[in-house]
Amino acid sequence: MSSDLFKYNDEREAASAAKVRALEALLIEKGVIGSDSVDAVLDHFEKIAGPFNGARIVARAWVDPAFKQRLIDDTPTAIAELQLPVGMEGAEGEHMAAVANGPGVHNLIICTLCSCYPWPVLGLPPYWYKDPVFRARGVREPRAVLREFGVPIGEDIEVKVWDSSAQIRWFVVPERPANTDGFSEEQLAALVTPEAMMGVALVASPTAA
C-alpha cells in the first residue's frame, strides 16, 4: 500500500479534475478530439500500461535470478519474455532500463529536465515527480529526500541517482521483502508499489503493520 506521503489533499485533486473537464469540453467543442478519446486513453492506462506490469516484472526477477540478470543487462529483451500487453515499447516505453537495489546500494529515479517516466511499467507519473523542487533536491541531497519519504539510508549504503530522459527511462527492481518465502509470483507482485520501483519506498514485508 502506498504511503500518505504520496497523496495530495482532496481540494487539489478536485481543482485538477475541474481543469481537466473544462479542457476536455473545449477540445471536444473545437473538434480536436472525439467524445470518447479521453475514455480510450484512461482505458489504456487502466488495462494495458501501468504499474501492474512493473510489478509482474519485479516479481519474476525476485524468483528467477537469471531473468533478473537479463533484465539488468538488456531490459527491453527481458521484458519481452513475459508477453505483456502489446504497446510496451510505445507511450514512453522506449529505451527502458532497470537497476536493482541490493546489499550496499539503493537506487533513486528522477528526471531533472521534465518528467520522463516509463509509463508502460509504472503508469502515469505522480505530481511530485514533476515538481522542480523534487527534481533538484533528488540530485543534490538524495539521502535527505529519501528520509522525507520514510526511507532512511545508512551512510554505509551507496545511493545511486538515475536521471530519466527521452533517451533512457529507468526503473528500480527493489529488494524482495522478508517473510515471502513460498509466495507465488502473483502474491509477490501484489506487494510491489510504483514508489518502490522509483526508489522512494521499500517493499513492505507482508507481516509489517
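Computed from the coordinates by the stated procedures, all read-outs in this text should not be read as laboratory data. The shown structure was predicted, so the numbers you read here are calculated from the model rather than taken from an experiment. Every residue, glycine among them, receives a Cβ derived from its backbone with ideal geometry; neighbour counts consider all protein chains shown.
Checking the a/c ratio against 1.5 first, then a/b against b/c, what shape does the Cα gyration tensor give for region 76-209? It comes out oblate by the Cα gyration axes.
Counted by Cβ distance under 14 Å from ILE157, the other residues give a net charge of -1, where Lys and Arg count +1 and Asp and Glu count -1. With θ taken as phi - 60° and the Karplus curve 6.51 cos²θ - 1.76 cosθ + 1.60 applied, the whole-hertz 3J(HN,Hα) list for region 102-111 is x, x, x, 8, 9, 10, 10, 9, 9, 9 Hz, x standing for glycine and proline. Note on region 52-208: antiparallel DSSP beta bridges, both residues inside, total approximately 10 percent of the bridges counted.
Normalised by residue count, region 161-206 yields a Cα convex hull volume of 81 Å³ per residue.
Computed from backbone phi, the HN-Hα couplings of region 71-84 come to 4, 6, 6, 8, 4, x, 5, 5, 4, 4, 5, 8, 6, 6 Hz, rounded to whole numbers (Karplus: 6.51 cos²θ - 1.76 cosθ + 1.60, θ = phi - 60°; Gly and Pro given as x).
For the listed peptides 140-151, 176-187, a ranking on the average number of other beta carbons within 10 Å per residue, highest first, reads 140-151, 176-187. If you take every residue apart from HIS106 with its C-beta less than 15 Å away from the C-beta of HIS106, what net charge results, scoring Lys and Arg +1 and Asp and Glu -1? With Lys, Arg at +1 and Asp, Glu at -1, the net is -3.
Whole-Hz Karplus values for region 150-159 come out as x, 10, x, 10, x, 5, 7, 9, 7, 9 Hz, taken residue by residue from phi with 6.51 cos²θ - 1.76 cosθ + 1.60 and θ = phi - 60°; glycine and proline positions read x. With +1 on each Lys and Arg Cβ and -1 on each Asp and Glu Cβ, and nothing else charged, work out how big the dipole of region 52-208 is about its Cα centre, in Debye to the nearest 20. It comes to approximately 320 debye.
Close amide H pairs (under 5 Å, H built 1.01 Å from N) link MET96 with ARG169, residues at least 5 positions away or on another chain. In region 52-208, Cα pairs under 8 Å separated by at least six residues give a relative contact order of 31 percent.
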